[in-house]
1. Of K136/K360; K536/K561; K102/K377; K269/K381, which sit over 29 Å apart, Cα to Cα?
2. Stick to the Cα atoms of segment 497-567, pair each with every other, and give me the Kirkwood hydrodynamic radius in Å at one decimal.
3. Would you please put 508-521, 78-91, 247-260 in order of how densely packed they are, using the mean number of other Cβ atoms within 10 angstrom per residue and starting with the highest?
4. Checking the cross-link filter: which aspartates and glutamates have an alpha carbon closer than 12 Å to that of K96, excluding same-chain neighbours under 8 positions apart?
5. With all protein chains present, how much of the accessible area of segment 497-567 (probe radius 1.4 Å) comes from carbon and sulfur, to the nearest whole percent?
6. Can you list residues from other chains, or at least 5 along the same chain, whose modelled amide H is less than 5 Å from the amide H of F8?
7. Determine the equivalent ellipsoid of segment 413-568 by diagonalising the alpha-carbon gyration tensor, then write out the semi-axes as square roots of 5 times the eigenvalues, largest first, rounded to whole Å.
8. Run through all the Cα pairs of segment 403-477 and give the fraction in each 10 Å bin from 0, expressed as whole percent.
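The values are calculated or read from the model by the stated rules, or taken from the named source; none is laboratory data. Note that the coordinates shown come from a computational prediction; the quantities given were computed from them, not determined experimentally. With ideal geometry, Cβ positions are generated from the backbone for all residues, glycine too; neighbour counts draw on all protein chains shown. Just so you know, the surface numbers come from the protein's heavy atoms only, side chains and all, with ligands and any DNA or RNA stripped out. Shrake-Rupley method; radii C 1.70, N 1.55, O 1.52, S 1.80 Å.
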Amino acid sequence: RSVNIVAFGNERDGFSEDSQQPSLIWSYLGRSALISQIDSSLAAGHTRNPVFTEYQACVFGSVRLEVHDCPVWDIFDSDWYTSRSLIGGADIIVIKYSVNDKTSFQELKDSYVPMIKKALNHCSVPVIISAIGARKNGVPCTCPLCTSDRRSCVTTSEGVQLAKELGATYLELHTLNDFYIQKYFGGVLEYFMIQSLNQKSSEKMKKRKKTQKCHRVQPPQLEQPEKMPILKGEASHYDADLHNLLCCCQCVDVAFYPEDFSTVVEAHKIILCSVSHLFMLLFGVKSPADICDASIVRTAQSLFVVETGDDFPLAPHGLPCIPPLRVVVKDSIFCSCLPDILHFIYSGAFQWERLEEDIKKKLKDPEKTEHVLEKVKCILKTPGKLNTVKDCRSHQIKRLYNTSLRLFFNTPVLADVIFKIQGATVPAHRAVLVARCEVMAAMFNGNYLEANSILVPVYGVSKDTFLSFLEYLYTDSCCPASILQAMSLLICAEMYQVMRLQHICELYIITQLQSMPSRELASTSLSIVSLLKKAKFHNSDCLSTWLLHFIATNYLIFSQKPEFQDLS
């Protein structure tokens, strides 16, 4: 027996200085008398995956408790399949927000509540909305004309209205002390745990009775297919792919030198520009007028200078006939730390504490360390925003690549390869393609025609499908519009051997078919047998096994369809 709880949202407001304050979920697990055998080894999961933290424990003696705490709402934008899987497997959902962070609450209400309602899809999963904190501006005025109070904190009526939209239970926790954690929040949570366990026991008993009553001849019975890797929690290797690109030095187009030209550090413009407006300025992607931030312009001029002389030493790994752009680093201390800074950027730019430790060990001088870190903060700075240490902490910084690389998807900016498909052209960047796809890495770096060509033809796939494929390589996410589009994308993923994308498409197809009512399944023009044939032909063993089991499970429906005769 088990209970699965999924928590979304951040209980800390954006202005809080207490970054060490324990979360609501961790406070409950640590204080509740009903919780035992807490496995905190997974609590450090955010060092590998900043999206959510996983806890395991026992409740009511022997009942297994699994908790996924997701403080960052971006999971719904960047990781559709993970968020859908988490909600689909949840017995209880907890939504948290700070009453003093009106901006985050408004974003939750406008952007993410509709997504949660769609994912729940009329499921009877209990939802608890927890409004946390004491309002800093006292009791807000309820007069419709007084809007000043409402801008700074979230009122009780707004929280209650949100709860009504989701059919949720609304709680206000003014502080995370023993009363609010154990008796108030804990009491409601434990009530829903008991309800969930009772419901599971009832469903199990009904299923057993139904099985005992059913003695008629059954259609072909197949074993339940094994769960696909993506359902088992297959980890994304997006950050690792881009970090490996730095280590292998393929497709480099920029080389950094100290003023004495004694060493060289190679990198990729597209990766650097995806995280920094300063590098966009340096490489001509943006002009000083576009940046509108004098501090970024000053830092770029004081740190770097682009060299154009022919007698300058060349880096060894550049593309044929296209030598890397040569940049001199004028700050010798910063230049000595540049390899560590690039590793930080290529690893996803969220492990700030690790970068601090690496630079401290290398320089062994607090003043020099602070000098370099300030330069890094300016490089990562967004124009027009204050540059504070708090903005760089790992638990608050967002994953950069899957949102920022999207800016360069299907645009000619910094593009060094053009795909020709169905009479149209699609610009792309070799560095991203080589990092994310082994087939393209071999194509662009081996003894193939594409290695030295700017224009590369693509056959056997439509333009829209290929664009969706490239979008996954750039952003690590995909959202097919239909089952047929997902199958086309699966075929493209198999062609280029991107297995994780293939598994995501399999999951989408299975999820859509599972949610289809029997009446719609009987009337649909979609051929499940045709999907089965394509899945077998393109080596999608997981999907083909599941589809065969799906046809056997719905035997009475599919046996009446004409395409059923095509099955041997």
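1. Values: K136/K360 38 Å; K536/K561 20 Å; K102/K377 27 Å; K269/K381 17 Å.
In this structure, K136/K360 exceed 29 Å between Cα atoms.
2. Values: mean 1/r = 0.0791 Å⁻¹.
Taking the inverse mean of 1/r over all distinct Cα pairs, segment 497-567 comes out at 12.6 Å.
3. Values: 508-521: 14.7, 78-91: 19.9, 247-260: 17.9.
By packing density, highest mean first, the sequence is 78-91, 247-260, 508-521.
4. E11, D13, D69, E172
5. Values: 1830 of 3540 Å².
Using a 1.4 Å probe with all protein chains present, segment 497-567 comes out at 52 percent carbon and sulfur.
6. C70, V94, I95, K96
7. On the way: eigenvalues 250, 40, 36 Å².
Listed largest to smallest, the semi-axes of segment 413-568 are 35, 14, 13 Å.
8. Going out from 0 Å in 10 Å bins, segment 403-477 shows 19, 57, 23, 0 percent.
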